[in-house]
1. Looking at the square roots a ≥ b ≥ c of the eigenvalues of the Cα gyration tensor of the range 269-418, which shape do they give, rounded for a/c under 1.5, prolate if a/b is larger than b/c, or oblate?
2. Go ahead and run the numbers for FRET between Thr275 and Lys214, Cβ-Cβ distance against an R0 of 22 Å, rounding to 0.05.
3. Considering only C-alpha atoms, what is the centroid distance from the range 374-405 to the range 269-317, in Å?
4. Enumerate the calculated ³J(HN,Hα) couplings along the range 368-375 in order (Karplus 6.51 cos²θ - 1.76 cosθ + 1.60, θ = phi - 60°), each rounded to whole Hz, writing x wherever the residue is Gly or Pro.
5. Could you point to the residue in Thr293, Ile414, Phe105 farthest towards the positive end of the chain's charge dipole, with +1 and -1 charges on the Cβ of Lys/Arg and Asp/Glu respectively?
6. How many nm separate the modelled label positions at His136 and Ala243, each set 7 Å beyond the Cα in the direction of the Cβ?
7. How big is the equivalent ellipsoid of the range 38-92 along its three axes, where each semi-axis is √(5λ) from the Cα gyration tensor, reported in whole Å from largest to smallest?
8. Can you classify the chain as rounded, prolate or oblate using the Cα gyration tensor, where a ≥ b ≥ c are the square roots of its eigenvalues, rounded means a/c under 1.5, and otherwise it's prolate if a/b beats b/c and oblate if not?
Amino acid sequence: MKVLVVGSGGREHALAETLATSPLEPEMYAAPGNVGISRIAETVDIPVDDLVSLRDYAADNEIDLTVVGPEAPLIGGISEAFWEAGLKIFGPSRAAARIEGSKVFAKELMRHAGVPTASFEAFDREAAALAYLHAHSDYPVVVKADGATAGKGVTVAGSRDEAEEAVRASFAGKFGAAGERIVIEECLEGREASVFVVTDGQDILPFLPAQDYKRAYDGDEGPNTGGMGSYSPIMWMEPATYAAILEDIIRPTIHQLALIGAPYTGLLYAGVMVTETGPKALEFNCRFGDPETQVILPRLGSDLLELMIAAGNDDLAGREIVWSADKAVCVVLASEGYPESSSSGDGISGLENIPAGVYVYHAATEEREGRFYTAGGRVLNVVGTGPTIIEARARAYAAVEQIHFEGKHYRTDIALEAIELEEI
Ligand code: AMP
Ligand code: GLY
(Lines give C-alpha, C1' and ligand atoms only; values in the text may rest on other atoms or scores of the structure.)
(Ligands and ions follow the chains in the order given, each with its own letter.)
Protein backbone atom coordinates (compact mmCIF):
# COMPACT_ATOMS: atom_id res chain seq x y z
CA MET A 1 0.00 0.00 0.00
CA LYS A 2 1.43 3.40 -1.01
CA VAL A 3 0.32 6.63 0.66
CA LEU A 4 1.17 10.17 -0.49
CA VAL A 5 0.89 13.16 1.88
CA VAL A 6 0.56 16.58 0.23
CA GLY A 7 1.99 19.51 2.19
CA SER A 8 5.11 20.60 4.06
CA GLY A 9 4.25 21.74 7.59
CA GLY A 10 4.09 20.35 11.11
CA ARG A 11 0.55 19.14 10.43
CA GLU A 12 1.75 17.07 7.48
CA HIS A 13 4.68 15.70 9.50
CA ALA A 14 2.19 14.55 12.16
CA LEU A 15 -0.08 13.07 9.48
CA ALA A 16 2.78 11.25 7.77
CA GLU A 17 4.13 9.88 11.04
CA THR A 18 0.72 8.67 12.17
CA LEU A 19 -0.12 7.09 8.82
CA ALA A 20 3.30 5.41 8.72
CA THR A 21 2.52 3.50 11.95
CA SER A 22 -0.58 1.88 10.42
CA PRO A 23 -0.75 -1.92 10.68
CA LEU A 24 -1.26 -1.80 6.89
CA GLU A 25 2.46 -0.91 6.76
CA PRO A 26 2.20 1.71 4.02
CA GLU A 27 5.11 2.89 1.95
CA MET A 28 5.09 6.65 2.56
CA TYR A 29 5.55 9.44 -0.01
CA ALA A 30 5.26 13.21 0.43
CA ALA A 31 5.03 16.24 -1.85
CA PRO A 32 6.89 18.43 -1.16
CA GLY A 33 7.30 17.18 2.44
CA ASN A 34 9.91 18.60 4.79
CA VAL A 35 13.08 17.61 6.62
CA GLY A 36 11.17 15.74 9.31
CA ILE A 37 8.92 13.96 6.83
CA SER A 38 11.92 12.94 4.71
CA ARG A 39 12.97 10.65 7.59
CA ILE A 40 9.90 8.48 7.07
CA ALA A 41 8.80 9.12 3.48
CA GLU A 42 10.18 9.49 -0.01
CA THR A 43 9.79 13.19 -0.79
CA VAL A 44 9.32 14.76 -4.21
CA ASP A 45 9.64 18.46 -4.87
CA ILE A 46 6.19 19.23 -6.31
CA PRO A 47 4.44 22.35 -4.95
CA VAL A 48 1.02 21.82 -3.37
CA ASP A 49 -0.76 23.91 -6.01
CA ASP A 50 0.63 22.01 -9.01
CA LEU A 51 -2.38 19.71 -9.24
CA VAL A 52 -1.48 18.20 -12.60
CA SER A 53 2.03 17.18 -11.50
CA LEU A 54 0.68 15.78 -8.23
CA ARG A 55 -1.87 13.70 -10.10
CA ASP A 56 0.71 12.45 -12.60
CA TYR A 57 3.13 11.60 -9.80
CA ALA A 58 0.45 9.63 -7.96
CA ALA A 59 -0.52 7.79 -11.16
CA ASP A 60 3.09 7.02 -12.17
CA ASN A 61 3.96 5.75 -8.70
CA GLU A 62 0.74 3.79 -8.26
CA ILE A 63 -0.18 5.65 -5.06
CA ASP A 64 -3.15 3.95 -3.38
CA LEU A 65 -4.27 6.92 -1.26
CA THR A 66 -3.36 10.62 -1.25
CA VAL A 67 -3.94 12.70 1.89
CA VAL A 68 -4.03 16.48 1.50
CA GLY A 69 -2.88 18.81 4.30
CA PRO A 70 -3.48 22.42 3.19
CA GLU A 71 -6.69 23.98 1.88
CA ALA A 72 -5.40 25.55 -1.34
CA PRO A 73 -5.24 22.37 -3.45
CA LEU A 74 -8.66 21.25 -2.16
CA ILE A 75 -10.25 24.60 -2.95
CA GLY A 76 -8.50 24.39 -6.33
CA GLY A 77 -10.05 21.01 -7.17
CA ILE A 78 -7.31 18.44 -6.50
CA SER A 79 -9.89 15.81 -5.50
CA GLU A 80 -11.68 15.95 -8.87
CA ALA A 81 -8.33 15.82 -10.69
CA PHE A 82 -7.50 12.60 -8.83
CA TRP A 83 -10.96 11.04 -9.08
CA GLU A 84 -11.11 11.67 -12.83
CA ALA A 85 -7.82 9.81 -13.16
CA GLY A 86 -9.19 6.90 -11.10
CA LEU A 87 -7.00 7.76 -8.07
CA LYS A 88 -8.10 7.73 -4.43
CA ILE A 89 -7.74 10.89 -2.40
CA PHE A 90 -8.87 11.84 1.12
CA GLY A 91 -10.43 15.27 0.83
CA PRO A 92 -13.56 17.08 -0.34
CA SER A 93 -14.51 18.03 -3.88
CA ARG A 94 -13.95 21.61 -5.04
CA ALA A 95 -17.69 22.27 -4.65
CA ALA A 96 -17.66 21.07 -1.01
CA ALA A 97 -14.35 22.82 -0.21
CA ARG A 98 -16.13 26.11 -0.87
CA ILE A 99 -17.18 25.84 2.74
CA GLU A 100 -13.67 27.15 3.48
CA GLY A 101 -13.03 28.87 0.15
CA SER A 102 -15.97 31.30 0.44
CA LYS A 103 -17.24 32.75 3.71
CA VAL A 104 -20.38 34.00 1.95
CA PHE A 105 -21.09 30.45 0.72
CA ALA A 106 -20.44 29.04 4.21
CA LYS A 107 -22.68 31.57 5.94
CA GLU A 108 -25.53 31.10 3.46
CA LEU A 109 -25.24 27.34 3.77
CA MET A 110 -25.44 27.66 7.55
CA ARG A 111 -28.45 29.92 7.28
CA HIS A 112 -30.28 27.39 5.09
CA ALA A 113 -29.30 24.52 7.36
CA GLY A 114 -30.39 26.35 10.51
CA VAL A 115 -26.92 26.10 12.02
CA PRO A 116 -26.34 28.45 14.97
CA THR A 117 -23.82 31.10 13.88
CA ALA A 118 -23.24 34.85 14.16
CA SER A 119 -25.92 36.89 12.36
CA PHE A 120 -24.46 38.37 9.17
CA GLU A 121 -24.87 40.29 5.94
CA ALA A 122 -22.86 39.72 2.75
CA PHE A 123 -21.74 42.57 0.45
CA ASP A 124 -20.13 42.76 -2.96
CA ARG A 125 -20.06 46.56 -3.10
CA GLU A 126 -18.20 48.94 -0.81
CA ALA A 127 -20.97 51.57 -0.75
CA ALA A 128 -23.56 49.09 0.46
CA ALA A 129 -21.24 47.78 3.17
CA LEU A 130 -20.45 51.31 4.39
CA ALA A 131 -24.15 52.22 4.40
CA TYR A 132 -24.84 49.13 6.49
CA LEU A 133 -22.16 50.14 9.01
CA HIS A 134 -23.55 53.65 9.11
CA ALA A 135 -26.96 52.35 10.14
CA HIS A 136 -25.46 49.86 12.58
CA SER A 137 -24.95 50.90 16.21
CA ASP A 138 -23.84 47.72 17.89
CA TYR A 139 -20.02 47.41 17.94
CA PRO A 140 -17.73 45.44 17.84
CA VAL A 141 -18.55 43.77 14.52
CA VAL A 142 -16.47 41.32 12.53
CA VAL A 143 -15.47 42.07 8.92
CA LYS A 144 -14.35 39.09 6.83
CA ALA A 145 -13.00 38.84 3.33
CA ASP A 146 -14.95 36.18 1.43
CA GLY A 147 -12.06 34.12 0.05
CA ALA A 148 -9.18 32.23 1.62
CA THR A 149 -6.60 34.62 3.12
CA ALA A 150 -4.68 32.28 5.44
CA GLY A 151 -6.52 33.81 8.40
CA LYS A 152 -5.53 37.41 7.59
CA GLY A 153 -8.88 38.52 6.18
CA VAL A 154 -10.73 38.72 9.51
CA THR A 155 -10.98 41.98 11.48
CA VAL A 156 -12.72 42.19 14.82
CA ALA A 157 -13.56 45.91 14.66
CA GLY A 158 -14.23 47.60 17.99
CA SER A 159 -15.66 50.76 16.43
CA ARG A 160 -17.39 51.96 13.26
CA ASP A 161 -14.14 53.66 12.15
CA GLU A 162 -12.21 50.45 12.42
CA ALA A 163 -14.93 48.53 10.60
CA GLU A 164 -15.04 51.10 7.79
CA GLU A 165 -11.27 50.91 7.43
CA ALA A 166 -11.44 47.11 7.12
CA VAL A 167 -14.22 47.37 4.52
CA ARG A 168 -12.30 49.96 2.46
CA ALA A 169 -9.06 47.97 2.65
CA SER A 170 -10.79 44.83 1.44
CA PHE A 171 -12.49 46.53 -1.53
CA ALA A 172 -9.24 48.38 -2.32
CA GLY A 173 -7.63 45.01 -3.01
CA LYS A 174 -5.77 44.23 0.23
CA PHE A 175 -6.66 40.55 -0.18
CA GLY A 176 -6.90 40.51 -3.96
CA ALA A 177 -9.91 38.69 -5.40
CA ALA A 178 -10.55 37.09 -1.97
CA GLY A 179 -11.66 40.50 -0.68
CA GLU A 180 -14.00 41.49 -3.51
CA ARG A 181 -16.89 40.25 -1.42
CA ILE A 182 -17.15 40.52 2.34
CA VAL A 183 -19.23 39.35 5.26
CA ILE A 184 -20.03 41.65 8.17
CA GLU A 185 -21.15 39.68 11.18
CA GLU A 186 -22.09 39.86 14.81
CA CYS A 187 -19.16 39.55 17.22
CA LEU A 188 -19.54 36.47 19.41
CA GLU A 189 -18.19 36.15 22.91
CA GLY A 190 -17.11 32.92 24.54
CA ARG A 191 -14.44 30.25 24.28
CA GLU A 192 -13.20 28.94 20.97
CA ALA A 193 -12.63 25.31 20.12
CA SER A 194 -11.75 23.26 17.06
CA VAL A 195 -13.78 20.16 16.29
CA PHE A 196 -12.85 17.75 13.50
CA VAL A 197 -14.91 14.97 12.01
CA VAL A 198 -14.12 12.45 9.30
CA THR A 199 -17.13 12.00 7.03
CA ASP A 200 -18.15 10.07 3.93
CA GLY A 201 -20.83 12.64 3.19
CA GLN A 202 -23.41 11.02 5.41
CA ASP A 203 -21.97 9.36 8.51
CA ILE A 204 -19.49 11.12 10.76
CA LEU A 205 -16.64 9.96 12.96
CA PRO A 206 -15.90 12.74 15.43
CA PHE A 207 -12.45 13.51 16.83
CA LEU A 208 -12.08 14.88 20.34
CA PRO A 209 -11.91 18.68 20.36
CA ALA A 210 -8.71 20.69 20.63
CA GLN A 211 -7.81 24.20 21.67
CA ASP A 212 -5.48 26.32 19.61
CA TYR A 213 -3.72 29.57 20.42
CA LYS A 214 -3.73 32.01 17.51
CA ARG A 215 -2.18 35.13 19.04
CA ALA A 216 1.58 35.64 18.99
CA TYR A 217 2.20 36.44 22.66
CA ASP A 218 1.30 35.22 26.13
CA GLY A 219 -2.11 36.16 27.46
CA ASP A 220 -3.55 36.16 23.91
CA GLU A 221 -1.82 39.45 23.12
CA GLY A 222 -0.32 40.54 19.84
CA PRO A 223 -1.12 39.78 16.22
CA ASN A 224 -2.84 36.65 14.90
CA THR A 225 -0.51 33.92 13.69
CA GLY A 226 -0.82 30.57 11.97
CA GLY A 227 -1.00 29.13 15.50
CA MET A 228 1.40 29.19 18.46
CA GLY A 229 0.26 26.10 20.30
CA SER A 230 -2.59 23.74 21.11
CA TYR A 231 -3.78 21.11 23.53
CA SER A 232 -6.27 18.26 23.65
CA PRO A 233 -8.61 17.21 25.15
CA ILE A 234 -10.45 20.35 26.27
CA MET A 235 -11.51 19.88 29.89
CA TRP A 236 -13.72 22.94 29.95
CA MET A 237 -16.10 21.63 27.32
CA GLU A 238 -19.15 19.82 28.76
CA PRO A 239 -20.09 16.56 26.99
CA ALA A 240 -23.51 18.10 26.22
CA THR A 241 -21.81 21.04 24.47
CA TYR A 242 -19.70 18.66 22.40
CA ALA A 243 -22.83 16.69 21.49
CA ALA A 244 -24.59 19.93 20.50
CA ILE A 245 -21.67 20.87 18.24
CA LEU A 246 -21.97 17.53 16.45
CA GLU A 247 -25.78 17.48 16.25
CA ASP A 248 -26.63 21.15 15.69
CA ILE A 249 -23.59 22.41 13.76
CA ILE A 250 -21.75 19.59 12.02
CA ARG A 251 -24.49 17.13 11.02
CA PRO A 252 -26.86 19.74 9.51
CA THR A 253 -23.96 21.28 7.58
CA ILE A 254 -22.95 17.93 6.08
CA HIS A 255 -26.61 17.17 5.32
CA GLN A 256 -27.07 20.56 3.63
CA LEU A 257 -23.97 20.07 1.47
CA ALA A 258 -25.38 16.73 0.30
CA LEU A 259 -28.74 18.38 -0.40
CA ILE A 260 -27.20 20.98 -2.70
CA GLY A 261 -25.32 18.32 -4.63
CA ALA A 262 -21.92 18.91 -3.02
CA PRO A 263 -21.55 15.96 -0.63
CA TYR A 264 -18.58 16.41 1.68
CA THR A 265 -15.98 13.66 2.01
CA GLY A 266 -12.80 13.89 4.05
CA LEU A 267 -12.10 15.88 7.17
CA LEU A 268 -14.39 18.73 8.14
CA TYR A 269 -13.13 21.22 10.71
CA ALA A 270 -15.59 23.40 12.61
CA GLY A 271 -14.24 26.43 14.44
CA VAL A 272 -16.83 27.08 17.14
CA MET A 273 -17.45 29.70 19.78
CA VAL A 274 -19.06 28.31 22.91
CA THR A 275 -21.24 31.21 24.00
CA GLU A 276 -23.58 31.65 26.95
CA THR A 277 -26.44 30.57 24.70
CA GLY A 278 -24.67 27.50 23.35
CA PRO A 279 -22.08 26.71 20.68
CA LYS A 280 -22.10 28.72 17.44
CA ALA A 281 -20.10 28.10 14.28
CA LEU A 282 -17.39 30.67 13.51
CA GLU A 283 -16.10 29.02 10.36
CA PHE A 284 -15.52 25.74 8.61
CA ASN A 285 -12.28 24.49 7.16
CA CYS A 286 -12.00 21.72 4.59
CA ARG A 287 -8.87 20.14 6.10
CA PHE A 288 -7.04 19.27 9.29
CA GLY A 289 -6.17 22.21 11.58
CA ASP A 290 -2.61 23.26 12.25
CA PRO A 291 -1.44 22.93 15.10
CA GLU A 292 -4.49 21.05 16.46
CA THR A 293 -3.64 17.96 14.40
CA GLN A 294 -0.31 17.73 16.22
CA VAL A 295 -2.11 17.17 19.57
CA ILE A 296 -4.96 15.02 18.25
CA LEU A 297 -3.08 12.41 16.23
CA PRO A 298 -0.67 11.30 19.01
CA ARG A 299 -3.77 10.48 21.10
CA LEU A 300 -5.44 8.40 18.41
CA GLY A 301 -5.73 4.72 19.32
CA SER A 302 -7.41 3.76 16.03
CA ASP A 303 -5.70 3.31 12.69
CA LEU A 304 -5.96 6.64 10.86
CA LEU A 305 -5.20 5.05 7.49
CA GLU A 306 -8.01 2.53 7.89
CA LEU A 307 -10.44 5.33 8.82
CA MET A 308 -9.47 7.34 5.76
CA ILE A 309 -9.90 4.34 3.48
CA ALA A 310 -13.29 3.63 5.09
CA ALA A 311 -14.38 7.23 4.50
CA GLY A 312 -13.57 6.82 0.80
CA ASN A 313 -15.61 3.60 0.64
CA ASP A 314 -18.72 5.06 2.36
CA ASP A 315 -18.04 2.63 5.16
CA LEU A 316 -18.00 4.77 8.32
CA ALA A 317 -21.32 3.60 9.79
CA GLY A 318 -20.89 1.78 13.08
CA ARG A 319 -17.22 2.67 13.48
CA GLU A 320 -15.81 4.44 16.51
CA ILE A 321 -12.48 6.04 17.17
CA VAL A 322 -10.49 4.72 20.12
CA TRP A 323 -8.57 7.36 22.08
CA SER A 324 -5.60 6.92 24.35
CA ALA A 325 -6.12 8.28 27.86
CA ASP A 326 -3.05 10.50 27.36
CA LYS A 327 -3.29 14.26 27.05
CA ALA A 328 -1.19 16.27 24.58
CA VAL A 329 0.24 19.80 24.54
CA CYS A 330 1.94 21.42 21.52
CA VAL A 331 4.26 24.43 21.76
CA VAL A 332 5.28 26.11 18.50
CA LEU A 333 8.87 27.37 18.28
CA ALA A 334 8.97 30.40 16.00
CA SER A 335 11.90 32.24 14.49
CA GLU A 336 12.88 35.82 15.20
CA GLY A 337 10.39 38.39 13.92
CA TYR A 338 7.45 36.00 13.47
CA PRO A 339 4.66 36.76 12.52
CA GLU A 340 5.56 40.16 10.96
CA SER A 341 8.65 38.63 9.36
CA SER A 342 10.72 35.53 9.92
CA SER A 343 14.36 34.60 9.91
CA SER A 344 16.12 31.69 8.25
CA GLY A 345 19.45 29.94 8.35
CA ASP A 346 19.97 29.81 12.11
CA GLY A 347 21.51 26.54 13.31
CA ILE A 348 19.25 24.34 15.46
CA SER A 349 20.69 22.20 18.25
CA GLY A 350 19.17 19.85 20.81
CA LEU A 351 17.11 17.71 18.45
CA GLU A 352 18.94 14.55 19.53
CA ASN A 353 17.77 12.47 22.48
CA ILE A 354 14.20 13.68 22.48
CA PRO A 355 12.66 11.74 25.39
CA ALA A 356 9.84 9.20 25.06
CA GLY A 357 6.41 10.79 25.10
CA VAL A 358 7.63 13.83 23.17
CA TYR A 359 7.16 14.36 19.42
CA VAL A 360 9.01 17.05 17.50
CA TYR A 361 7.33 17.89 14.21
CA HIS A 362 9.21 19.96 11.65
CA ALA A 363 7.40 22.94 10.17
CA ALA A 364 10.09 25.13 8.58
CA THR A 365 13.57 23.62 8.78
CA GLU A 366 16.41 22.82 6.43
CA GLU A 367 19.14 20.23 6.63
CA ARG A 368 22.65 20.78 5.33
CA GLU A 369 25.54 18.39 5.95
CA GLY A 370 23.76 16.71 8.80
CA ARG A 371 22.84 19.94 10.60
CA PHE A 372 19.42 21.50 11.00
CA TYR A 373 18.66 25.17 10.29
CA THR A 374 15.59 27.38 10.60
CA ALA A 375 13.78 28.04 7.31
CA GLY A 376 10.75 30.20 8.08
CA GLY A 377 8.34 31.52 10.71
CA ARG A 378 7.02 28.53 12.57
CA VAL A 379 10.07 26.28 12.82
CA LEU A 380 9.22 23.30 15.03
CA ASN A 381 6.18 21.98 16.88
CA VAL A 382 7.06 20.34 20.18
CA VAL A 383 4.36 18.00 21.48
CA GLY A 384 4.44 16.52 24.99
CA THR A 385 2.10 13.68 25.96
CA GLY A 386 1.31 12.16 29.35
CA PRO A 387 -1.43 10.90 31.62
CA THR A 388 -2.28 14.44 32.77
CA ILE A 389 -2.12 17.84 31.12
CA ILE A 390 0.40 18.83 33.80
CA GLU A 391 2.76 16.06 32.73
CA ALA A 392 2.17 16.53 29.01
CA ARG A 393 2.85 20.24 29.39
CA ALA A 394 5.96 19.70 31.53
CA ARG A 395 7.37 17.31 28.91
CA ALA A 396 6.64 19.73 26.07
CA TYR A 397 8.30 22.68 27.81
CA ALA A 398 11.31 20.58 28.96
CA ALA A 399 11.92 19.69 25.31
CA VAL A 400 11.36 23.32 24.30
CA GLU A 401 14.20 24.27 26.68
CA GLN A 402 16.42 21.56 25.24
CA ILE A 403 16.12 22.85 21.66
CA HIS A 404 18.08 25.98 20.74
CA PHE A 405 18.35 28.37 17.83
CA GLU A 406 19.08 32.08 17.56
CA GLY A 407 15.93 34.19 18.04
CA LYS A 408 13.75 31.24 19.17
CA HIS A 409 10.48 32.42 20.65
CA TYR A 410 7.36 30.70 21.91
CA ARG A 411 4.41 31.24 24.18
CA THR A 412 4.90 30.16 27.79
CA ASP A 413 1.18 29.89 28.60
CA ILE A 414 0.03 27.08 26.32
CA ALA A 415 -2.46 24.85 28.21
CA LEU A 416 -1.98 26.83 31.41
CA GLU A 417 -5.73 27.25 31.83
CA ALA A 418 -6.12 23.50 31.39
CA ILE A 419 -3.85 22.82 34.35
CA GLU A 420 -5.97 25.04 36.51
CA LEU A 421 -9.08 23.13 35.41
CA GLU A 422 -7.33 19.81 35.95
CA GLU A 423 -6.48 20.82 39.53
CA ILE A 424 -10.14 21.61 40.19
P1 AMP B 1 -12.27 32.71 10.99
O2 AMP B 1 -11.22 32.63 9.94
O3 AMP B 1 -13.63 33.03 10.48
O4 AMP B 1 -12.27 31.57 11.98
O5 AMP B 1 -11.82 33.92 11.92
C6 AMP B 1 -10.55 33.94 12.53
C7 AMP B 1 -10.68 34.27 13.99
O8 AMP B 1 -11.39 35.51 14.15
C9 AMP B 1 -11.51 33.26 14.77
O10 AMP B 1 -10.73 32.18 15.18
C11 AMP B 1 -12.00 34.11 15.92
O12 AMP B 1 -11.01 34.24 16.92
C13 AMP B 1 -12.22 35.45 15.28
N14 AMP B 1 -13.63 35.57 14.86
C15 AMP B 1 -14.16 35.23 13.66
N16 AMP B 1 -15.48 35.46 13.62
C17 AMP B 1 -15.82 35.95 14.82
C18 AMP B 1 -17.05 36.38 15.41
N19 AMP B 1 -18.20 36.37 14.73
N20 AMP B 1 -17.03 36.82 16.68
C21 AMP B 1 -15.86 36.86 17.37
N22 AMP B 1 -14.68 36.48 16.88
C23 AMP B 1 -14.63 36.02 15.62
N1 GLY C 1 -5.52 26.29 13.71
C2 GLY C 1 -6.24 27.06 12.81
C3 GLY C 1 -6.31 26.52 11.46
O4 GLY C 1 -5.75 25.49 11.15
O5 GLY C 1 -6.96 27.15 10.61
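1. Taking the square roots of the gyration eigenvalues as a ≥ b ≥ c, the range 269-418 is prolate.
2. Plugging the Cβ-Cβ distance into 1/(1 + (r/R0)^6) gives 0.75.
3. 23 Å
4. After applying 6.51 cos²θ - 1.76 cosθ + 1.60, I find 9, 6, x, 10, 9, 10, 6, 8 Hz.
5. Going by the charge dipole, the pick is Phe105.
6. In this crude label model, His136 to Ala243 measures out at 3.6 nm.
7. Here the semi-axes work out to 16, 13, 10 Å.
8. Working: a/c = 1.39, a/b = 1.20, b/c = 1.16.
Judged from the Cα gyration tensor, the chain comes out rounded (a/c under 1.5).
The values are calculated or read from the model by the stated rules, or taken from the named source; none is laboratory data. Bear in mind that the values here come from a model prediction, so they are computed numbers and not experimental data. Cβ atoms come from the backbone with ideal geometry, glycine included; neighbour counts cover every protein chain shown. To get the accessible areas, we keep the full protein, side chains included, count just its heavy atoms, and leave off ligands, DNA and RNA. Shrake-Rupley method; radii C 1.70, N 1.55, O 1.52, S 1.80 Å.
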